[in-house]
Structures are given as structure tokens and as C-alpha cells.
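Accompanying notes for the structure given below.
Please treat every number below as a calculation from the coordinates, not as lab data. These numbers come from a predicted model, not from an experiment. We place every Cβ from the backbone using ideal geometry, glycine too, and count neighbours over all the protein chains shown.
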Amino acid sequence: MESGVIKVDEVCINGIKYVAAESICDKEYVIVRTYSAGVFAGYMKKREGQEVTLTNARRIWYWEGAASLSQLAMEGTSRPDKCKFPCPVDEVLLLNAIEILAVSSAAKKSIEGVPIWKQ
């Protein structure tokens, strides 16, 4: 406790649980769409404004089997053999993030199951 402040990781107000953002970092698997660097899926490590750091991140270069990133985030792809997701990088700093989507556990498994695309 610093200066009489109590640190709380989560609080429940009117039956709704709120969690401190820093307690989610590096735990939540997300899809991030940027203004000019494309789309990435990975574990959110840090977010400051439009700067997002992901770990174990794959670039979503091309996908089939989902009509949109929203569907990809909720259901994954039904055509993993047609997707082009290169190998994951340990960490990437993304600038100008314009969309961050939480990914369901089924979609995460689907995205991670797409074969590594390379030339």
C-alpha cells in the first residue's frame, strides 16, 4: 500500500466484474488491426493509446473461412488450409492500432492451428 492507496485487481459493481487492465496484459489473446501494418493475432502484453505490444504474435496476412475479422475472432477459420499466417514473432510493437478484438478460445485454437505460411 502506497500513500494510503489500496491496489485492487478487480471489483464488482452492480453485479458486473471489472478487472484492472494491467492484470489482463499478456493473458488475453487478441486480434489487432492497425492503420497501415496489417492485422496481428497474439497475447496482449501492453497497450498505451494506439500502441499495442503483442507477444507470440502472428501476422494475419490472408484468410478464408470467415467473413470478417469479427467472425475470425469469435469462430476462427473454417478454411485453415487457405489462410496465410506466417510464423509467430516473440514480440511486436504495433503503432496506430484502430481495432482490438478479444478472441474466443475456439477461435484462438483455430488461428494457432493454421499451418505456418512461408515462401
What list of whole percents do you get for P(r) of the range 24-112, with Cα-Cα distances grouped in 10 Å bins up to the one holding the largest distance? 19, 56, 24, 1
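Remind me, relative contact order of the range 24-112 in percent, using alpha carbon pairs under 8 angstrom and six or more residues apart? Walk me through the numbers on the way to the answer.
Details: 209 pairs, mean separation 30.8, N = 89.
Averaging sequence separation for qualifying contacts and normalising by length gives 35 percent for the range 24-112.
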Hand me the tally of lysine pairs in the range 24-112: alpha carbons under 25 angstrom apart, and the pair either on different chains or 8 or more positions apart. 14
Under Karplus coefficients 6.51, -1.76 and 1.60, residue-wise ³J(HN,Hα) of the range 89-105 in Hz, glycine/proline x: 9, 4, 7, 9, 9, 9, 9, 6, 5, 10, 7, 10, 10, 5, 10, 5, 5
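Taking the Cα centre of the range 24-112 as the origin, how large is its charge dipole in debye, to the nearest 20, when only Lys and Arg (+1) and Asp and Glu (-1) carry charge on their Cβ atoms? Walk me through the numbers before you get to the answer.
Details: 12 positive and 11 negative charges, 30 e Å.
In total the dipole reaches around 140 debye.
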